[in-house]
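The values are calculated or read from the model by the stated rules, or taken from the named source; none is laboratory data. Only a predicted model underlies this, so the values are computations on that prediction, with no experimental measurement involved. Don't worry about glycine lacking a Cβ; one is built from the backbone with ideal geometry, like all the others, and counts go over all protein chains shown. Note: accessible area is taken over every heavy atom of the protein model, side chains too, but ligands, DNA and RNA are not part of it. Shrake-Rupley method; radii C 1.70, N 1.55, O 1.52, S 1.80 Å.
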Amino acid sequence: MQLVVARIGRAHGIKGEVTVEVRTDEPELRLGPGAVLLTDPASAGPLTIESGRVHSGRLLLRFEGVRDRTAAEALRNTVLIAEVDPTELPEEEDEYYDHQLIDLDVVLADGTEIGVITEISHLPSQDLFIVERPDGTELMIPFVGEIVTEIDLEEQRAVIDPPPGLIDDRAEIVSSRDDGVPSEGEGEESA
C-alpha cells in the first residue's frame, strides 16, 4: 500500500538539498537516510534519501544523484510516496493510518448507524472524518477523543458521542434570557 509522506518544496543552497513539507506523523521512519520513495509524477523517481537535517524548523533532504540547485529545483512540487505493509500499525496505541479508518461504520453508542467514513481531512487544528450518510449527504466529524469515543478495527466501526447539532439540526440553545429572569441592565430605564 502507498502512503503520501511529503511534498518537495524549493531548492535550498547550491548542493542539491530541498525543503520538504512533511505529511507523515513518522518522518524519522519514512524520511530517513536510505529510504526509497516513489514519486508523483512517477517520472521524477524513485528517489533514495541520502541525508536529511533540520534547518530553521524545516526538514531538508538530499537525494542520491541530485548534486546541484538546478537538479533540486526540478523536483519542486514532487509528491513523495512510501510503500507500506498494509498490516503495519503506527507506533502509538491511539494512532491510526488513514487506510485503517476509511470505510469504517460510524455509529452512536446505542448502535444507531450514522454513515461510513469516506475520507480523512487533515487540517492544521485537527483531523476530520468525512462521513457519508445513508441518504448520500456528508457530515464532518472532528476526530477528537471527546467526540470519537472508540475505534474498533476488528468490528470495523467508529463509535461517536456527538454534541447537539453535530449530526442533526436539533441543537440545544441555552440562554439566560429563557428563564424569565431579567439579566443585568434588562428592564431598567436609563436617565
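What do you reckon, is Val4 surrounded by 13 or more Cβ atoms within 10 Å (Cβ to Cβ), modelled with pLDDT of 95 or more, part of a strand (DSSP E or B) and of a type in the set (A, V, I, L, M)? Here the answer is no, as Val4 does not meet what is asked.
Do we find a residue being among the acidic types (Asp, Glu) and in a loop (DSSP other than H, G, I, E, B) anywhere in the stretch 20-32? Yes, because at least one residue in the stretch 20-32 is among the acidic types (Asp, Glu) and in a loop (DSSP other than H, G, I, E, B). Looking at Thr149, Thr78, Thr70, just one residue is of a type in the set (S, T, N, Q), surrounded by 12 or more Cβ atoms within 10 Å (Cβ to Cβ), closer than 30 Å to Ala35 by Cβ and modelled with pLDDT of 90 or more, and that residue is Thr78. Only residues that are buried (at least 17 other Cβ atoms within 10 Å of the Cβ) and part of a loop (DSSP other than H, G, I, E, B) were counted in the stretch 152-162, giving 1. Out of (1) of a type in the set (Lys, Arg); (2) loosely packed, with under 14 Cβ neighbours inside 10 Å; (3) in contact with a strand residue (DSSP E or B) (Cβ under 6 Å, 6 or more places away or on another chain), what's the single condition that is false for Lys15? Single failed check for Lys15: (3).
Quick test for you: out of Asp168, Asp135, Asp179, pick the one residue that is more than 30 Å from Arg23 (Cβ to Cβ), of a type outside the set (Val, Ile, Thr), surrounded by fewer than 12 Cβ atoms within 10 Å (Cβ to Cβ) and modelled with pLDDT of 90 or more. Don't jump to the end; show me each part of the working.
On the way: Asp168 fails: modelled with pLDDT of 90 or more; Asp179 fails: modelled with pLDDT of 90 or more.
Exactly one residue qualifies, and that residue is Asp135.
Selection within the stretch 91-110: residues that are out of contact with any strand residue (DSSP E or B) (no Cβ under 9 Å at 6 or more places or on another chain) and farther than 18 Å from Val5 by Cα. The member of this set that is least open to solvent (accessible area, probe 1.4 Å) is Asp110.
Close Cβ contacts (under 6 Å, 6 or more residues apart or on different chains) running from residues in the stretch 38-51 that are outside any strand (DSSP E or B) to residues that are open to solvent by 30 Å² or more (accessible area, probe 1.4 Å) comprise Gly45/Leu38; Pro46/Val36; Pro46/Leu38.
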